[in-house]
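Asks: Sharing a structure below in structure tokens format, with a few things to ask.
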Amino acid sequence: MKARSAARSVCRLLRDGEWFGTGFLVAPGLLLTNNHVIDSAAEAGRFTAEFGLELDLNDRPASPIVRFELDANRTFVTSPFQGGLDFTFIAVRPTSVDGSTSIDDFGWLPMDERRDKILEGEPCVIIQ
């Protein structure tokens, strides 16, 4: 059940309408992805975030896909891929492209600074 809940906060990132990377919400309206996916605020304007991209057992969409524009003017922080931590934080517009859905409907995954949150040998699932 926790994995299904966590998956709601994960999105596919499209650049100019083509799949390019993934990200996930880490605070209300704040997306985390990699710097090698979105490396500048100017580049962010080419991206759209798609939430709800889940397929059923017959490879058909299990729920409607909801698209959001990114808002680098509100928040954009990045660390370069070469020699850095390879992350980008970027704001997501509060309402979907079609105006029907709030970004808050997708929740968010809190970041946890503890180093001991996963123990050696413990299974880990990465949703992307």
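Asks: Just name the residue that is least open to solvent (accessible area, probe 1.4 Å) out of those in segment 52-64 that are charged (D, E, K, R) and free of Cβ contacts under 8 Å to residues at least 24 places away in the same chain.
Replies: Asp56
Asks: Just name the residue that is farthest from Glu50 (Cα to Cα) out of those in segment 65-112 that are open to solvent by less than 50 Å² (accessible area, probe 1.4 Å) and among the acidic types (Asp, Glu).
Replies: Looking at residues that are open to solvent by less than 50 Å² (accessible area, probe 1.4 Å) and among the acidic types (Asp, Glu), I get Asp86.
Asks: I would also like to ask the following. For segment 116-128, does any single residue satisfy the condition of being closer than 14 Å to Arg12 by Cα, open to solvent by less than 100 Å² (accessible area, probe 1.4 Å) and under 12 Å from the mean Cα position of the chain (by Cα)?
Replies: yes
Asks: Can you name every residue in segment 26-46 that is touching a Lys or Arg at 6+ places or on another chain (Cβ under 9 Å) and either within 18 Å of Trp108 (Cβ to Cβ) or open to solvent by less than 10 Å² (accessible area, probe 1.4 Å) (or both)? Step through it out loud before you land on a result.
Replies: Kept after step one, since they are touching a Lys or Arg at 6+ places or on another chain (Cβ under 9 Å), are these residues of segment 26-46: 29, 37-38, 43, 46.
Within segment 26-46, Gly29, Ile38 qualify.
Asks: Any idea which of (1) open to solvent by 100 Å² or more (accessible area, probe 1.4 Å); (2) touching a Cys at 6+ places or on another chain (Cβ under 6 Å) is the one Ala49 doesn't satisfy?
Replies: Evaluating Ala49 over (1) open to solvent by 100 Å² or more (accessible area, probe 1.4 Å); (2) touching a Cys at 6+ places or on another chain (Cβ under 6 Å) leaves (1) as the failure.
Asks: Quick check on this structure: which one of Leu25, Leu14, Leu32, Leu53 is under 17 Å from Asp98 (Cα atoms) and assigned to a strand (DSSP E or B)?
Replies: Leu14
Asks: While we're here: Given the conditions (1) among the polar types (S, T, N, Q); (2) part of a loop (DSSP other than H, G, I, E, B); (3) in contact with a strand residue (DSSP E or B) (Cβ under 7 Å, 6 or more places away or on another chain), which single one is not true for Thr75?
Replies: (2)
Asks: Taking the criterion of being of a type outside the set (Lys, Arg) and without any contact (Cβ under 8 Å) to a residue 12 or more places away in the chain, would at least one residue in segment 20-29 satisfy it? Give the steps one after another, and end with the answer.
Replies: Kept after step one, since they are of a type outside the set (Lys, Arg), are these residues of segment 20-29: 20-29.
Then keep just the ones that are without any contact (Cβ under 8 Å) to a residue 12 or more places away in the chain; that gives none.
Looking through segment 20-29, none of the residues is of a type outside the set (Lys, Arg) and without any contact (Cβ under 8 Å) to a residue 12 or more places away in the chain.
Asks: If you take the residues in segment 100-119 that are hydrophobic (A, V, I, L, M, F, W, C) and assigned to a loop (DSSP other than H, G, I, E, B), which one is modelled with the highest pLDDT?
Replies: Trp108
Asks: Sticking with this structure for a sec: Going residue by residue through segment 59-71, is there one that turns out to be hydroxyl-bearing (Ser, Thr, Tyr), in a loop (DSSP other than H, G, I, E, B), more than 14 Å from the chain's Cα centre (by Cα) and modelled with pLDDT of 95 or more? Explain how you work it out, then say what you get.
Replies: Step one: list which residues in segment 59-71 are hydroxyl-bearing (Ser, Thr, Tyr), which gives 63.
Then drop every residue that is not in a loop (DSSP other than H, G, I, E, B), which leaves 63.
Okay, now just the ones that are also more than 14 Å from the chain's Cα centre (by Cα), so 63.
Now narrow it down to the ones that are modelled with pLDDT of 95 or more: none.
So far as segment 59-71 goes, no, none of its residues is hydroxyl-bearing (Ser, Thr, Tyr), in a loop (DSSP other than H, G, I, E, B), more than 14 Å from the chain's Cα centre (by Cα) and modelled with pLDDT of 95 or more.
Asks: Of these, Arg4, Arg15, Arg8, which one is out of contact with any strand residue (DSSP E or B) (no Cβ under 8 Å at 6 or more places or on another chain), over 14 Å from Phe76 (Cα atoms) and basic (Lys, Arg)? Steps first, answer last, please.
Replies: Details: Arg15 fails: out of contact with any strand residue (DSSP E or B) (no Cβ under 8 Å at 6 or more places or on another chain); Arg8 fails: out of contact with any strand residue (DSSP E or B) (no Cβ under 8 Å at 6 or more places or on another chain).
After applying the criteria, what remains is Arg4.
The values are calculated or read from the model by the stated rules, or taken from the named source; none is laboratory data. Since we're looking at a predicted model, the values are computed, not measured. Cβ coordinates were reconstructed from backbone atoms using ideal geometry, including for glycine residues, and neighbour counts include every protein chain displayed. Ligands, DNA and RNA are excluded from the accessible area calculation, which covers all protein heavy atoms including side chains. Shrake-Rupley method; radii C 1.70, N 1.55, O 1.52, S 1.80 Å.
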